[in-house]
Each structure stands twice: as structure tokens, then as C-alpha cells.
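Have a look at the structure below, then the notes.
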Ligand code: HEC
């Protein structure tokens, strides 16, 4: 092996992750077909948060104060008309408690899949309206509106569960709008 080949092999070896966590699988919630992220909008496809999410199923935007204002705007513009200002439910079901029509929405992989691919009736797919990055932000706001027991909030890390206070629209600060 020439010195150059050895260097190339070494360079490739460093690209292989040391521990490989199984990447999550994404399916349409209604017909079970695999979601095709080639359909996603060009913009916002390869942000660090999107890459991390597609690799691990963990949403780095959950409870990240830096994106909360944008996340709230996205939810207000795209979801609140049907799901209610506080995700309490309106034309569409409530998204702020532990009850789900589709139980997989209790996980962020499930919630992302429902947003991307849609469900039935008025719940259309969002892949043409929101970038993948915006979907993750919108999800973070949906999760921020959660009123249930933090122990059941599987999308939060253990550390976040310990500090998460269920959303209370009557509390000053929880409703900045
Ligand atoms: C035009 C109205 C409309 C809009 C806009 C809309 N939804 Fe929905 N959504 C619905 C309806 C109706 C359902 C019930 C569909 C079903 O059960 O298959 C639903 C279902 C859902 C579900 C499944 C809930 C469960 O209990 O399993 C999730 C999650 C969801 N929507 C999230 C969102 C998010 C996030 C947005 C914004 C990006 C959004 N929706 C925008 C009408 C809407």
C-alpha cells in the first residue's frame, strides 16, 4: 500500500461512526408506506437539527429557547386554525395531552411522520408547505403546549422532564402572544 492509500483508508475509517444507533424508520400513518424525503422542500433539508433527527429520532429543538418564537409563529400560521391556539382541539383533535388517535404521535418520529405525510380528511400532508427544519420547529411548539404529566413526555430527555412545567395559558409568560 502506498502512503497515499494508507492515508485514504485512515480518512475513511474516521468517517465510520464509532457507535451506530439504528436510524428511525418513517411511515405514512394511514397506509404504512415509507415516507419519501425526496419530496421535501429543498430548503431546510440538511440543517444540523434535521440531520440529527433523521439519524436518531431526537428533536434538538424541543424546549430550545432560541427557536421558540419562530416555532410559535409556524404553529400559529399552519396548525392553530384547525387544532386551536393552545392545541386544545377545534376542527382537528387536541394535540396538547396524552391522548392520540394514532398512538405513534406520542413519539417525535410519529408526530413528524403525521405532519410530513398527513392523516385523513382535512389533515393534509405538510411536505409541500413546511421545510423539514420548520416541521421540527413546529413540533417543538406542539410539545411545548403539552399540558400532561412530564413523566409521559417521551420526547423529552430525562433532564428536560425534570424541569418541564406543563403549559398553562393563564400563567404570565406561557402565552407570549
Ligand atoms: C385544515 C385543518 C388542519 C390543519 C391546518 C392541520 N390539521 Fe392536523 N388534523 C386535522 C384533522 C381533521 C385531523 C384528524 C385526522 C385523522 O384523525 O385522521 C388532524 C390530525 C392531526 C394529528 C393526529 C392527532 C392524533 O390524535 O393522533 C396530528 C399530530 C396533527 N393533526 C398535527 C398537525 C400539525 C402539527 C399541523 C400544523 C403543521 C396540523 N395538524 C394542521 C386538521 C388539520
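Please treat every number below as a calculation from the coordinates, not as lab data. Since this is a predicted model, take the numbers as computed values, not measurements. Please note: Cβ atoms are built from the backbone with ideal geometry, for glycine as well, and neighbour counts cover all protein chains shown.
A few notes on this one:
- Estimated 222 nm signal from helices in the chain, with DSSP H stretches of n ≥ 4 weighted -39500 (n - 2.57), rounded to 500: -10500 deg cm²/dmol
- Folded to 0 to 90 degrees: helix 108-117 orientation relative to the chain principal axis, Cα: 80 degrees
- Residue-span extension gain [residue 163 to residue 27] - 0.36 nm each, minus C-alpha spacing: 45.8 nm
- Residue exposure sequence - 27, 116 - by fewest surrounding Cβ within 10 Å: 27, 116
- Note on 151, 161: ascending count of other Cβ atoms within 10 Å places them as 151, 161, the fewest first.
- Residue among 163, 98, 129 with the largest mean-square fluctuation in a Gaussian network model of the chain, springs linking Cα atoms under 10 Å: 163
- Put in line by how crowded their Cβ is, counting other Cβ atoms within 10 Å and starting with the fewest, 45, 143 read 45, 143.
- For the stretch 116-177 versus the stretch 58-113, the gap between their alpha-carbon centres in whole angstrom: 4 Å
- In degrees, nearest ten, helix 132-144 long axis to first principal axis of the chain (Cα): 40 degrees
- The label-point distance for residue 152 and residue 73, in a model that sets each label 7 Å from Cα toward Cβ, rounds to 3.3 nm.
- Using alpha-carbon coordinates, inclination of helix 3-15 to the longest axis of the chain, degrees: 20 degrees
- Note on residue 174 and residue 42: with the Förster distance fixed at 41 Å, the Cβ-Cβ geometry gives a FRET efficiency of about 0.70.
- Computed over the chain: relative contact order in percent, which uses C-alpha pairs under 8 Å that are six or more apart: 25 percent
- The slack between residue 82 and residue 66, meaning 0.36 nm per residue of separation minus the straight C-alpha distance, is 3.2 nm.
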